[in-house]
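Below is one structure, written out as C-alpha cells, with a few remarks after it.
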Amino acid sequence: MTRLSCLLVAGALGLLSGACAQPETPAPAPDADRDSYAVDVVASGLNVPWGLAFLPDGRFLVSERNGAVRIVAADGHVAAEPVAGGPDDVFAGGQGGLLDIALAPDFADSALVYLSYSAGTSGANHTAVYRARFDGEAFVDGETIFRSVPDRSTEHHYGGRLAFLPDASLILTLGDGFAYRERAQSRDDHLGVIVRLAPDGSAPQDNPFFAEGGPAAFVYSYGHRNVQGVAFDPAAGRLWSHEHGPQGGDELNLIEPGVNYGWPIVSHGLDYTGARISPFETLPEFPEPAHVWTPSIAPSGLAIHDGDLYVTALAGQALHRLELDADGAVASETRLLAGRGERYRHVLSGPDGALWLLTDAEDGAILRVRMRD
C-alpha cells in the first residue's frame, strides 16, 4: 500500500492521517557489559544447525538444515555420519529443510524424539512433524505424525519451532508461506498459525477450535507471520513466542489459546517496497505485542532463563536479553555477543545453568554462554 492509498483508506474510515505515517526508527538496545558473561565454543563444523537437544548422557542431537541430525559428544566432537532413520522427504531449499528437534518430556522412558521439517518439493511443500525412538545411535520406528495444510509453492516462512506444554501436548509454530499472508486470518488451513498437537500428532479435544473440525481442530492461535521462537515459562505458566516482521515489526507475543494476533491487518512493519502493510499498527480487537523490534532483528530462537527472555537474532547478529517485571511486561533490553559478526539461530537454557546457542552458518557452531555474577 502506497502512502497515497493509505491516506485514502484512512480518510474513508475517518482516521487521522497519522495512521499512515512512516514509523520512527528507535536506537538499538544497549550492549551488556562484556565482562558480565563468558563465551566458549563447544563444537564447530555443523552445516547450518537449526535445533539442539540435550541427551541425558551429556551428548547433543543437532539438526542441520540440509536434512541431517548429528550426534555431538560432550567434548564437542561431531559425528562424521548423520543419525540414520530420519524423515526421507525433507525439502531443503530456500528457508526450508530439517528444522527443530525436541525430546519428549518422558524421553527417559519412551526415548521419543520429535523433528520438524519442510517436506515435499519446491513447487509443493509444507511443514511436518516426524517422531521416532532414539536407540542411542539411530532413529527407529519413525513416522511423520503431522503435516500442515495446504502445500505451498514458496520456499519461505515455515515456522518450525517446537515446545512441549506441561500436559505433554506439543506446540508447533508455523508461517504464512510469505505469498499467502491474508490466509493467516483464516482457520481453514495452517498458514500463519500456531498448532497444538497430542503426542501422537492428533488434535487434542480441548483445542480452542476443535469443534470446527478439519485444519481448525489443530489451531491454537492465528494471525501470525512467521513464528520461529517459542518457549513455555513453567514458573509463570506463560507461553511466549516471537515472529518475523517484514521490514521492522518483529513481535514478541504472549500466546493465549484461541486468540487472533492480527497479521496482516495490523503490523508495525513496512512491506519490502517501503509501503505500509496496513494503515494500522494496532486495533482494539487484537492484542498488542509485548515487544516490537524496528528495524527488524530477524528473531529466531527463544529461551526462558533465570526469569528473563533470551532471543537470538539473525540479521541483528546478537543475543537479546529481555528482563521482565512482576507482571510479565518487558522492563529492559540489552544485547549480548554483538560485534562478533555472527548470525544466531537458536538459544536454549541448558541443564548446566548456561545458555547454549547455535550460529547460523555453513560452518555453524555450538556456543556456551555463562553469565557471571
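The values are calculated or read from the model by the stated rules, or taken from the named source; none is laboratory data. Model, not experiment: these values are computed from the prediction. Virtual Cβ from ideal backbone geometry, glycine too; neighbours counted across all protein chains shown.
Evaluation of GLU281 against the conditions (1) out of contact with any Gly (no Cβ under 7 Å at 6 or more places or on another chain); (2) charged (D, E, K, R); (3) in contact (Cβ under 8 Å) with a residue 60 or more places away in the chain; (4) under 21 Å from LEU324 (Cβ atoms) shows that the sole unmet condition is (4).
Can you spot a residue in the range 205-213 that is buried (at least 23 other Cβ atoms within 10 Å of the Cβ) and part of a loop (DSSP other than H, G, I, E, B)? No. Of all residues in the range 285-300, those satisfying the criterion of being of a type outside the set (A, V, I, L, M) and either without any contact (Cβ under 8 Å) to a residue 40 or more places away in the chain or under 14 Å from ASN253 (Cα atoms) (or both) are GLU285, PHE286, PRO287, GLU288, PRO289, HIS291, TRP293, PRO299, SER300. A single entry from ASP135, ASP167 fulfils the requirement of being out of contact with any His (no Cβ under 7 Å at 6 or more places or on another chain) and without any contact (Cβ under 8 Å) to a residue 12 or more places away in the chain: ASP167. A count restricted to the range 144-155 and to residues that are under 20 Å from ILE171 (Cβ atoms) and over 19 Å from the mean Cα position of the chain (by Cα) stands at 2. The lone criterion from (1) under 23 Å from the mean Cα position of the chain (by Cα); (2) of a type in the set (A, V, I, L, M, F, W, C); (3) more than 30 Å from HIS268 (Cα to Cα); (4) not in a loop (DSSP other than H, G, I, E, B) left unmet by VAL39 is number (1).
Looking across the range 125-155, the residues that are crowded, with 20+ Cβ neighbours inside 10 Å, touching a Ser or Thr at 6+ places or on another chain (Cβ under 9 Å) and either β-branched (Val, Ile, Thr) or part of a strand (DSSP E or B) (or both) come down to ASN125, HIS126, THR127, ALA128, VAL129, TYR130, ARG131, PHE146. If you check GLY58 against the conditions, is it assigned to a loop (DSSP other than H, G, I, E, B), out of contact with any strand residue (DSSP E or B) (no Cβ under 7 Å at 6 or more places or on another chain) and modelled with pLDDT of 95 or more? In short, yes. Taking the conditions (1) buried (at least 16 other Cβ atoms within 10 Å of the Cβ); (2) not in a loop (DSSP other than H, G, I, E, B) in turn, GLU323 satisfies each one other than (1). Looking across the range 34-64 at every residue that is polar (S, T, N, Q) and farther than 16 Å from TYR130 by Cβ, the one that is surrounded by the most Cβ atoms within 10 Å (Cβ to Cβ) is identified as ASN47.
Does GLU333 satisfy the condition of being touching a residue at least 12 places away in the same chain (Cβ under 8 Å), in a strand (DSSP E or B) and surrounded by fewer than 16 Cβ atoms within 10 Å (Cβ to Cβ)? Spelling it out, it is not the case that GLU333 is touching a residue at least 12 places away in the same chain (Cβ under 8 Å), in a strand (DSSP E or B) and surrounded by fewer than 16 Cβ atoms within 10 Å (Cβ to Cβ).
GLY353 passes every criterion in (1) surrounded by fewer than 21 Cβ atoms within 10 Å (Cβ to Cβ); (2) assigned to a strand (DSSP E or B) apart from (2).
Restricting attention to the range 231-248, the residues that are closer than 21 Å to ARG321 by Cβ and either free of Cβ contacts under 8 Å to residues at least 60 places away in the same chain or in a strand (DSSP E or B) (or both) total 10.
Here LEU358 fulfils each of the conditions (1) part of a strand (DSSP E or B); (2) under 16 Å from TYR37 (Cβ atoms); (3) touching a residue at least 24 places away in the same chain (Cβ under 8 Å) apart from (2). Scan the range 156-195 for residues that are touching a Pro at 6+ places or on another chain (Cβ under 7 Å) and surrounded by 24 or more Cβ atoms within 10 Å (Cβ to Cβ) and the total you get is 3.
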